[in-house]
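Engineer: Handing you a structure now.
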Amino acid sequence: MNLLCVQGLRKSFGGNLAVDDISFDLAAGELLALIGPNGAGKSTTFNMLNGQLRPDIGQITLAGKSLLGLHPREVWQMGVSRTFQVAETFYSLTVVENVQMAMLSDDNHLFSMWQRATHYRRTDALALLEQVGLVEQAERPCSELAYGDVKRLELAIAMANHPRLLLMDEPTAGMAPSERNKLMALTRELVTQSGMAVLFTEHSMDVVFGFADRIIVLARGQLIAQGLPKDIRDHPRVKEVYFGSGKTFEQKK
């Protein structure tokens, strides 16, 4: 049974049709890559899924419940987490406090920026850091982390609400090939452990074809192809949109 069902999404800004009648499904335990050239509509689609934008037309359901009209916080509380191309963390707090702050939000507790979350669900926060390989850096200020570790911390923060669906916007942007493969291998491991679904956008084709179970491709706001990686790799319309002609995805890394 599909966890996420997207039907007929459409969104325009003025006279610009950014997303045009997009439909797709995503099952629990599946990694689905959403790819396309710049301006294809990927970010707009993401922003509609997590409540930052409301579609002009269309339906979005999670386990049979509509997400339309919900604010991002309400979508989060229904079990949808998101990571961003530019990691969003509290650089002035320690690594473990960043996770604790996410847990405060998940538990719907009010907090003051003047009062640290030092003791709140500390054991649970450390367990999440153990999962992403950061428990030994739990007491370090986030500002001291290497970039790859910041991205792993962001993943731990996203896991704080035990998501059923994780949206990852350019998760490996700015990372070296070895770092991005480690991050996506970790994501695959978390998917296997938890059974959550992952929808991710990505420009690095080695990541897309190395880790996605299926791929959907957008161009100028329209869904032009979807299928297994082996089918998308040689899809003539996809190759035309990305390269014009003559090149292959192996040459785009």
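The values are calculated or read from the model by the stated rules, or taken from the named source; none is laboratory data. Small disclaimer: the values here were computed from a predicted structure and weren't measured. Here Cβ is always computed from backbone atoms with ideal geometry, including for glycine, and neighbour counts include all displayed protein chains.
Engineer: Taking ILE232 as meeting all but one of (1) closer than 21 Å to GLN131 by Cα; (2) over 16 Å from the mean Cα position of the chain (by Cα); (3) crowded, with 17+ Cβ neighbours inside 10 Å, write down the number of the exception.
Structural biologist: Against the list (1) closer than 21 Å to GLN131 by Cα; (2) over 16 Å from the mean Cα position of the chain (by Cα); (3) crowded, with 17+ Cβ neighbours inside 10 Å, ILE232 comes up short only on (1).
Engineer: Something else: Which residue is nearest to VAL198 (Cα to Cα), if the candidates are limited to segment 19-66 and must be acidic (Asp, Glu) and touching a residue at least 24 places away in the same chain (Cβ under 8 Å)?
Structural biologist: Step one: of segment 19-66, the residues acidic (Asp, Glu) are 20-21, 25, 30, 56.
With the extra rule that they be touching a residue at least 24 places away in the same chain (Cβ under 8 Å), the set shrinks to 20-21, 30, 56.
Details: ASP20: 22, ASP21: 21, GLU30: 6, ASP56: 25 Å.
So, considering only residues that are acidic (Asp, Glu) and touching a residue at least 24 places away in the same chain (Cβ under 8 Å), the one nearest to VAL198 (Cα to Cα) is GLU30.
Engineer: Let me ask another. Restrict the check to segment 63-70 and report whether at least one residue is in a strand (DSSP E or B), over 22 Å from GLU170 (Cα atoms) and either out of contact with any Lys or Arg (no Cβ under 6 Å at 6 or more places or on another chain) or at pLDDT 95 or above (or both).
Structural biologist: To start, the set of residues in segment 63-70 that are in a strand (DSSP E or B) comprises 65-66.
With the extra rule that they be over 22 Å from GLU170 (Cα atoms), the set shrinks to 65-66.
Now narrow it down to the ones that are either out of contact with any Lys or Arg (no Cβ under 6 Å at 6 or more places or on another chain) or at pLDDT 95 or above (or both): 65-66.
Yes, there is a match, as at least one residue in segment 63-70 is in a strand (DSSP E or B), over 22 Å from GLU170 (Cα atoms) and either out of contact with any Lys or Arg (no Cβ under 6 Å at 6 or more places or on another chain) or at pLDDT 95 or above (or both).
Engineer: Among the residues of segment 10-41, what is the count of those that are in a strand (DSSP E or B) and under 20 Å from GLU202 (Cβ atoms)? Give the derivation first.
Structural biologist: In the first step, residues of segment 10-41 are kept if they are in a strand (DSSP E or B); the result is 10-13, 16-27, 31-35.
Next cut, under 20 Å from GLU202 (Cβ atoms) only: 18-19, 22, 24-27, 31-35.
Matching residues across segment 10-41 total 12.
Engineer: What number goes with the only condition from (1) of a type outside the set (Val, Ile, Thr); (2) over 25 Å from LYS239 (Cβ atoms); (3) buried (at least 17 other Cβ atoms within 10 Å of the Cβ) that LEU34 does not pass?
Structural biologist: Tallying (1) of a type outside the set (Val, Ile, Thr); (2) over 25 Å from LYS239 (Cβ atoms); (3) buried (at least 17 other Cβ atoms within 10 Å of the Cβ), LEU34 fails exactly one: (2).
Engineer: Do you know which residues across segment 112-134 are at pLDDT below 90 and assigned to a loop (DSSP other than H, G, I, E, B)?
Structural biologist: Of everything in segment 112-134, those that are at pLDDT below 90 and assigned to a loop (DSSP other than H, G, I, E, B) turn out to be SER112, MET113, TRP114, GLN115, ARG116, ALA117, THR118, HIS119, TYR120, ARG121.
Engineer: Being modelled with pLDDT under 95 and surrounded by 16 or more Cβ atoms within 10 Å (Cβ to Cβ) is the filter here; which residues of segment 4-17 pass it?
Structural biologist: Scanning segment 4-17 gives a single hit, LEU17.
Engineer: Return the residues of segment 174-209 that are among the small types (Gly, Ala, Ser) and either surrounded by fewer than 16 Cβ atoms within 10 Å (Cβ to Cβ) or under 27 Å from PHE13 (Cβ atoms) (or both); say none if nothing qualifies.
Structural biologist: Initial filter on segment 174-209 (among the small types (Gly, Ala, Ser)): 174, 176, 178, 185, 194-195, 197, 204.
Across segment 174-209, the qualifying residues are GLY174, ALA176, SER178, ALA185, GLY195.
Engineer: Given the structure, is ALA102 at pLDDT 90 or above and not in a loop (DSSP other than H, G, I, E, B)? Write out each step before concluding.
Structural biologist: Working: at pLDDT 90 or above: no; not in a loop (DSSP other than H, G, I, E, B): yes.
Taking the combined requirement at face value, the residue does not satisfy it.
Engineer: Moving to a separate point now. Of all residues being basic (Lys, Arg) and closer than 18 Å to VAL19 by Cβ in segment 47-82, which is nearest to the chain's Cα centre (by Cα)? Just the residue, please.
Structural biologist: So in segment 47-82, the residues basic (Lys, Arg) come out as 54, 65, 73, 82.
With the extra rule that they be closer than 18 Å to VAL19 by Cβ, the set shrinks to 54, 82.
Values: ARG54: 18, ARG82: 5 Å.
Applying the filter and picking the extreme gives ARG82.
Engineer: Of everything in segment 156-173 that's over 9 Å from the mean Cα position of the chain (by Cα), crowded, with 24+ Cβ neighbours inside 10 Å and over 19 Å from MET78 (Cβ atoms), which residue is modelled with the highest pLDDT?
Structural biologist: Only one residue fits best here, namely ALA156.
Engineer: Please go through (1) touching a helix residue (DSSP H, G or I) at 6+ places or on another chain (Cβ under 6 Å); (2) modelled with pLDDT of 95 or more; (3) of a type in the set (Asp, Glu) for GLU179 and return the number of the only condition it doesn't satisfy.
Structural biologist: All conditions pass for GLU179, except number (2).
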